[in-house]
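Below you'll find the structure, written out as structure tokens, and then a few comments.
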Amino acid sequence: MSDTDTRDPTSLRTPIVAVLGHVDHGKTSLLDKIRGSAVIEGEAGAITQHIGATAVPLDIISTIAGDLVDPDDFDLPGLLFIDTPGHHSFTTLRSRGGALADIAILVVDVNDGFQPQTLEALDILKRSQTPFIVAANKIDTVPGWNAHEDTPINDTYESQSDRVRQRLDESLYEIIGNLSDEGFSADLYWRVQNFQRNVGVVPVSAMTGEGVPDLLTVMMGLSQRYMKEEMEIDVAGPGVGTVLEVKEEKGFGTTIDTVLYDGTIRADDQIVVGGLNEPIVTDVRALLQPRPLAEIRTESRFEKVDEVSAASGIKVAAPELADAMAGAPVRVVRDRDLDQVIDEVQAELADIAVDTAEE
Ligand code: GDP
């Protein structure tokens, strides 16, 4: 590279975030709230709805988080939330033997506390060594709670009565105690110095948005501090991803909704996809993204794009995809040896089979 050529072939990608927790503790509501806040705060087009995922860019996070986030402190581009919550999707979604999600939010209802699926989720996070934070949700249901929509937790906490604060504290310490029983040293997030050693607990309400600024700030901080190196990718390199779902789409045949976590996929790429019996070798026919709502009339729900880079959610239309499987790897061949790429996909499929057998 000459002195004048400052292009960097590597780039930092968006961390992929999964939301786990017991049924009814508020996973879907929390994702909806984050999406909703991002849409309200965002200029048109700044928040992008991906296939199966929602990208919340750093500038939107910093607007939502207000004083909590100085965008100059970060160089990761934002967060990509997988839209399907729950640990079934978490366990089936793999990347190169690890979890597809780089980081997770474990949602716990402050009133209901730890429940069987909370414990299951913790076990999965432990085994996959996925860093996570706990969202202690539904703080607005503490009796006597006085809601302050979308504010950071400290602001709303300070304005509650002593009795309400005491009730919330009790619930939060119970959650911290439960985490400790499971072998995780945890504390309220503002007391945590080292998020690699301690789990941060963030009090939130998916209903009122209280604490959501804190949640996004902590996720961003955790990613920036401890995962930056893992986020370095070769943006122009051949894409690598995981199939979220296999779907029939009118006019396109069988398609695979894919989360790309490395490199780039282009509309004229050859790809290898994990199949029921053997790796499927095929050529991309179209790369599809959701069309912005305003543009949907009689046209397709999707718009074709020429190229996407990690991390993103994209629908891939191609022939021969009928045997593709959710959770299977997708690899772009481009200028590499086809047999080698097939071997890589086969090796990843074998890994998945072993993991599934162990569960
Ligand atoms: P999931 O099964 O974990 O995805 O839970 P949902 O997001 O579907 O939420 C279950 C129920 O709890 C729904 O009726 C939500 O409206 C409600 N809920 C979720 N979060 C909150 C919250 O922060 N406050 C209150 N009051 N209700 C909530």
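Read-outs throughout are calculated quantities, based only on the coordinates presented, and are distinct from any laboratory measurement. The structure presented is a predicted model; accordingly, all values stated were derived computationally and were not measured. We place every Cβ from the backbone using ideal geometry, glycine too, and count neighbours over all the protein chains shown.
Table for the structure above
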quantity: Residues of the range 59-86 with amide N under 15 Å of the 7 Å Cα→Cβ point at Lys228; calculated: 70-78
quantity: Greater than 32 Å apart at Cα, pairs in Lys126/Lys250; Lys138/Lys250; Lys33/Lys247; Lys138/Lys247; Lys33/Lys304; calculated: Lys126/Lys250; Lys138/Lys250; Lys138/Lys247
quantity: Under the Debye formula (equal points on every Cα, no solvent term), log10 I(q)/I(0) of the range 188-341 at q = 0.17 Å⁻¹; calculated: -0.97
quantity: The range 85-157 shape via C-alpha gyration tensor axes, a/c threshold 1.5; calculated: prolate
quantity: Computed label-point distance, nm, for sites Asp73 and Gln346 using a 7 Å Cα→Cβ extension; calculated: 4.9 nm
quantity: Residue-span extension gain [Lys250 to Trp190] - 0.36 nm each, minus C-alpha spacing; calculated: 16.7 nm
quantity: Chain lengthening between Arg336 and Glu170 when straightened (0.36 nm per residue, less Cα-Cα); calculated: 54.0 nm
quantity: Whichever aspartates and glutamates have a C-alpha closer than 12 Å to that of Lys228, once near sequence neighbours (fewer than 8 apart) are set aside; calculated: Asp75, Asp102
quantity: Convex hull volume per residue for the chain, taking Cα atoms only, in Å³; calculated: 151 Å³
quantity: Label-point gap, in nm, between Gln115 and Glu182 - each point 7 angstrom along Cα→Cβ; calculated: 1.4 nm
